[in-house]
1. Based on the Cβ-Cβ distance of A:LYS183 and A:LYS43, what FRET efficiency does E = 1/(1 + (r/R0)^6) give at R0 = 51 Å, to the nearest 0.05?
2. Give the interface area between chains B and A as buried accessible surface, both sides summed, probe 1.4 Å, in Å² to the nearest 100.
3. With +1 on each Lys and Arg Cβ and -1 on each Asp and Glu Cβ, and nothing else charged, work out how big the dipole of segment B:106-374 is about its Cα centre, in Debye to the nearest 20.
4. Let me know the charge dipole size of segment B:173-228 about its Cα centre in debye, to the nearest 20, where only the beta-carbon of Lys, Arg (+1) and Asp, Glu (-1) is charged.
5. Rounded to the nearest 500, what is chain A's calculated 222 nm mean residue ellipticity when only DSSP H runs of at least 4 contribute -39500 (n - 2.57) each, over all residues?
6. Rank-order B:266-274, B:140-148, B:386-394 by packing density, defined as the average count of other C-beta atoms within 10 Å over each peptide's residues, highest first.
7. Rolling a 1.4 Å sphere over the protein heavy atoms, what is the accessible area per residue of chain A, to the nearest Å²?
8. For segment B:187-265, what is the accessible area per residue in Å² when the probe is 1.4 Å?
Amino acid sequence: MGSCSSHAASIPDWDDIRRETGFSQASLVRLHHRFRALDCNKKGYLCRMDLQQIGALAVNPLGDRIIDSFFPDGSHSVDFRGFVRILAHFRPVEDEGTGIRDPKEPEPLNSRMNKLRFAFQLYDLDRDGKISRHEMLQVLRLMVGAQVTEEQLESIADRTVQEADEDGDGAVSFLEFAKTLEKMNVEQKMSIRILK
Amino acid sequence: MGYWATLRMERGAKEKNHQLYKPYTNGIIAKDPTSLEEEIKEIRRSGSTKALDNTPEFELSDIFYFCRKGMETIMDDEVTKRFSAEELESWNLLSRTNYNFQYISLRLTVLWGLGVLIRYCFLLPLRIALAFTGISLLVVGTTMVGYLPNGRFKEFLSKHVHLMCYRICVRALTAIITYHDRKNRPKNGGICVANHTSPIDVIILASDGYYAMVGQVHGGLMGVIQRAVVKACPHVWFERSEVKDRHLVAKRLTEHVRDKSKLPILIFPEGTCINNTSVMMFKKGSFEIGATVYPVAIKYDPQFGDAFWNSSKYGMVTYLLRMMTSWAIVCSVWYLPPMTRETDEDAVQFANRVKSAIARQGGLVDLLWDGGLKREKVKDTFKEEQQKLYSKMIVGNHEDRSRS
């Protein structure tokens with residue numbers, strides 16, 4: 001008796017996680033199963049190497065940046081709660097009328113602003129709230145590898161920062177970033193639907 | 001009976017208001033099969049009002065594509081799920097295959113308990129006895145045959161000793177095997193390739209045909225068996241140091257197949273055990289030799305016992321014990337018609353052609369990924385391809401552009 005079971009009650013804070021992320025019970029069970037499949041040594045948490053093992057992620061040019069987003073503040077491990085919290089950013093936005101949400105409740109993780117914030121911190125390497133020209137260059141370099149010369153990349157980075165920068169400080173803040181993308185259908189482009 | 005057990009569990013679960021975890025076979029997220037270029041253009045189009053021409057440029061929103069693709073792979077990818085045991089739709093009364101095991105009803109538990117009793121106290125000792133007999137007969141028999149002078153009589157005896165002992169081992173595991181198309185069985189001077197799920201594959205194939213094995217020299221019981229069988233017929237065993245030298249391996253195999261009187265070689269080109277839902281990349285070494293290839297597809301029926309050997313989870317002895325305490329091992333073996341390398345295809349293309357044929361026959365998913373991903377990281381060349389595609393979108397094909 002008693003083999004490994006992904007029984008809901010065995011995970012601590014199950015209800016807290018549900019409320020915080022907004023995932024359905026079925027989705028959370030699936031994600032927990034996925035978490036345990038990725039955790040190869042059954043440690044109970046994920047380390048960088050567990051995520052680096054995913055072949056399709058390693059070939060993604062921004063794979064390392066995405067993995068970094070799971071380990072904020074220099075930590076080296078992420079538990080199930082942290083794992084699901086990041087994935088919750090990609091939960092599709094349900095069609096609820098604006099203004100119905102209770103203003104006292106914290107903003108849901110998959111709101112438009114939070115999705116944009118997630119994309120912003122992929123650019124913002126030192127997490128200082130601004131994308132400098134130097135950071136833009138580094139991220140561009142990740143995306144193109146060795147295919148593009150330094151001058152071409154610099155001119156692209158310069159142009160992009162110039163176009164987005166409104167207060168002239170030579171860097172793109174989060175508000176400037178959001179303004180540039182105000183017409184973008186962020187809700188749809190940054191959403192992943194979990195099958196029932 | 002499996003269906004009844006599952007129905008009972010589901011009904012019990014509904015009564016207690018739990019949500020039973022339904023096993024998924026197709027993946028857990030909805031994916032759109034669009035290319036990098038299409039998706040990034042789509043993203044840009046939805047974000048700006050200006051007309052989209054084809055001039056290469058960079059947009060801040062391009063990052064959304066990579067970000068989402070990356071997250072999708074974290075939630076679900078094709079490879080990781082091949083290295084753990086397959087999940088079943090209905091329960092087969094083995095607690096090891098049920099991830100949702102919880103107390104549902106007295107009747108079911110009693111049934112399960114009875115199953116445990118039968119499997120551990122009745123079947124297991126019987127099987128261990130048979131296995132013991134089979135292995136000792138193999139070692140003793142082949143050693144004795146080895147003393148005979150080379151000739152037809154030795155061959156005849158060797159073949160029958162091998163076959164008999166493997167058949168005893170098959171009984172020891174209670175493997176119920178259905179062979180299809182036996183007319184296509186591998187002949188001398190050829191190479192037999194098959195998909196790999198567990199070490200039992202060897203026993204299953206060898207009990208129906210007389211093969212020359214290829215493998216690394218092991219210590220312990222395996223080593224004793226290896227040393228014994230090679231006395232009776234020429235198997236190809238490599239020292240650990242020789243395995244790294246690909247040319248040496250290829251040379252020895254080529255010499256073997258060139259001799260038409262020698263037995264067909266049995267090789268598993270995936271290089272590692274996969275969980276029998278898919279076939280992974282075949283290593284091209286065996287396909288460079290130039291002999292006729294006889295593909296064989298092996299598919300286990302997971303209803304009676306999961307044969308996949310998860311070597312990172314279980315050692316060999318634990319694995320064999322698990323096999324011997326399952327109900328039975330039911331599998332189908334298809335012998336496919338022989339294939340040879342065409343003049344205009346290279347070894348890799350030939351390997352992929354054989355792999356597709358095996359996957360199609362066995363009803364397995366044909367994957368391009370390398371089974372070595374179980375233990376190592378993927379090569380950087382694949383990442384470069386993505387980077388190349390993206391660079392084209394933002395700077396064009398290295399053409400000079402004058403910017404205002």
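1. The pair A:LYS183/A:LYS43 has a calculated efficiency of 0.70.
2. 6100 Å²
3. On the way: 32 positive and 19 negative charges, 129 e Å.
In total the dipole reaches around 620 debye.
4. Numbers: 5 positive and 3 negative charges, 39 e Å.
Roughly 180 debye for segment B:173-228.
5. Numbers: 11 runs with 96 residues, N = 196.
Counting only the DSSP helices, I get -13500 deg cm²/dmol.
6. Values: B:266-274: 22.1, B:140-148: 16.3, B:386-394: 19.2.
Listed from highest to lowest mean packing, they are B:266-274, B:386-394, B:140-148.
7. Numbers: 9500 Å² over 196 residues.
Per-residue accessible area for chain A comes out at 48 Å².
8. Details: 3560 Å² over 79 residues.
Accessible area per residue: 45 Å².
The values are calculated or read from the model by the stated rules, or taken from the named source; none is laboratory data. This one's a predicted model, so the numbers in the text were calculated from it and none came from an experiment. We place every Cβ from the backbone using ideal geometry, glycine too, and count neighbours over all the protein chains shown. Accessible surface areas use protein heavy atoms only, side chains included; no ligands, DNA or RNA. Shrake-Rupley method; radii C 1.70, N 1.55, O 1.52, S 1.80 Å.
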